[in-house]
Amino acid sequence: MLRVLVLSLMCLLLSAVVSEAKTAVTTQPFGKLPDGTAIEIFTLKSEKVEARVMTYGGILVSLKAPDRNAKVADVVLGYDSVDGYYANSNNPGTAYFGALIGRYANRIGGAGFTLEGKKYSLPANNGANTLHGGPHGFSNQVWKAKTIPNGVELTYVSKDGEEGFPGNLTATVRYTLVGTDLKIDYSATTDKDTVVNLTNHSYFNLAGQEQATILQHQLTLNASRFTPVDAGLIPTGELKSVSGTPFDFRKATAIGERISADDEQIRLGKGYDHNWVLDSKSGKLAEAALLYDPSSGRQLRVLTDQPAIQFYSGNFLDGSVKGKGGATYALHAALCLETQHYPDSPNHPDFPTTHLKPGGHYHTVTVFSFSSH
């Protein structure tokens, strides 16, 4: 009996080892920045999905998943080399393809905020506002990286005063791939009161990154409210019901169905570029979005413990960008589903707080889960 038990335990251990080994993690050089800094790229490969992440900007360079016929395609926009990412991240029309966004994702109105009675001024890089942490945010920094089981761990130390934000902030992001689930685990600590809001800015086209449009994709958002914006795309402070508006995605709806509706918020965003307030309880991992491409059968579930998700329908892609394999990224060529806190939260006391104190620990998880049918 003891012998049978020992053999059973050995089989279980062997099974666990085999399961663990299904995600191969490799690294290789991916070019250099103009100043000579070497950039690495990490490849995470499971039986069905492959993700590639580089140290510049913590960027998700490619994400390959199978369709209903087991044909694999890259479903995120980007470039073939680090040169393309560097050039894009250092011009006014930055698209943030696949990048880690910080110190504060989305917009901060008036390029400043007050925290603990002290005013902080930030660089304005989106009209009068600060977008995605400023012109030199986390998306164009070089992250330190190391291999971990099933993935890669990236670390960046943002110095006190960088882009106007207070405190030395240590950010750690882990990309791990298990089966068909790509998990992004964000953590941060600070030595001074600050604000933090991290996300990933991947552009998805489930038909394949070289395909023309995502207007036929069907989207479900588990959100009954959204935050209306002003002309600068800064939240007005209202939490508005989606009922009876083009923003109601509580049932699967083609993105192109109402994207040109006669609606003030649609006009302001030139399409969808808004923050949805999730119905799930903040802090608990739950499904935020479900995206389906009828042509390929690929489906993407987005799970998060964040209170909101920004849905952006690629309104400023204009065909001027040449991406991977020479693909042209035209209007609505892809969409973003950015898990996050609300935009401009530091200036809205009624919004969920993004205040991080010394001794506190910022931690959030997002999962991109693929399937096909």
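Rundown of residues vs (1) under 30 Å from G112 (Cβ atoms); (2) of a type in the set (V, I, T); (3) surrounded by fewer than 18 Cβ atoms within 10 Å (Cβ to Cβ); (4) without any contact (Cβ under 8 Å) to a residue 60 or more places away in the chain, yes/no style:
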residue: E287; (1), (2), (3), (4): no, no, yes, no
residue: D293; (1), (2), (3), (4): no, no, no, no
residue: A330; (1), (2), (3), (4): no, no, yes, no
residue: D344; (1), (2), (3), (4): yes, no, no, no
residue: D350; (1), (2), (3), (4): yes, no, yes, no
residue: T354; (1), (2), (3), (4): yes, yes, no, no
residue: K357; (1), (2), (3), (4): yes, no, yes, no
residue: V367; (1), (2), (3), (4): no, yes, no, no
Note to self: Based on this model, can you work out whether Y120 counts as within 23 Å of A308 (Cα to Cα) and of a type in the set (S, T, Y)?
What the structure shows: no
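Residue-wise test of (1) in contact (Cβ under 8 Å) with a residue 60 or more places away in the chain; (2) of a type in the set (A, V, I, L, M); (3) in contact with a strand residue (DSSP E or B) (Cβ under 9 Å, 6 or more places away or on another chain); (4) under 22 Å from L335 (Cα atoms).
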position	(1), (2), (3), (4)
L122	no, yes, yes, no
H132	yes, no, yes, yes
N140	yes, no, yes, yes
K159	no, no, yes, no
G164	no, no, yes, no
Note to self: Going residue by residue through segment 216-233, is there one that turns out to be of a type in the set (G, A, S), part of a loop (DSSP other than H, G, I, E, B), touching a residue at least 24 places away in the same chain (Cβ under 8 Å) and more than 24 Å from S139 (Cα to Cα)?
What the structure shows: yes
Check: Can you tell me how many residues in segment 51-74 are within 17 Å of the chain's Cα centre (by Cα), within 24 Å of D181 (Cβ to Cβ) and either among the aliphatic types (A, V, I, L, M) or not in a loop (DSSP other than H, G, I, E, B) (or both)?
Finding: 11
Item checked: Selected residue [basic (K, R) and part of a strand (DSSP E or B)] from K183, K192, K251 -> K183
Note to self: Every residue in segment 135-167 that is within 17 Å of the chain's Cα centre (by Cα), surrounded by fewer than 23 Cβ atoms within 10 Å (Cβ to Cβ) and in a loop (DSSP other than H, G, I, E, B), please.
What the structure shows: Q141
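Bear in mind these aren't lab numbers, they're just calculated from the coordinates by the rules spelled out. Keep in mind it's a predicted model, so treat the numbers as computed, not measured. Cβ: placed from backbone, ideal geometry, glycine included. Neighbour counts: every protein chain shown.
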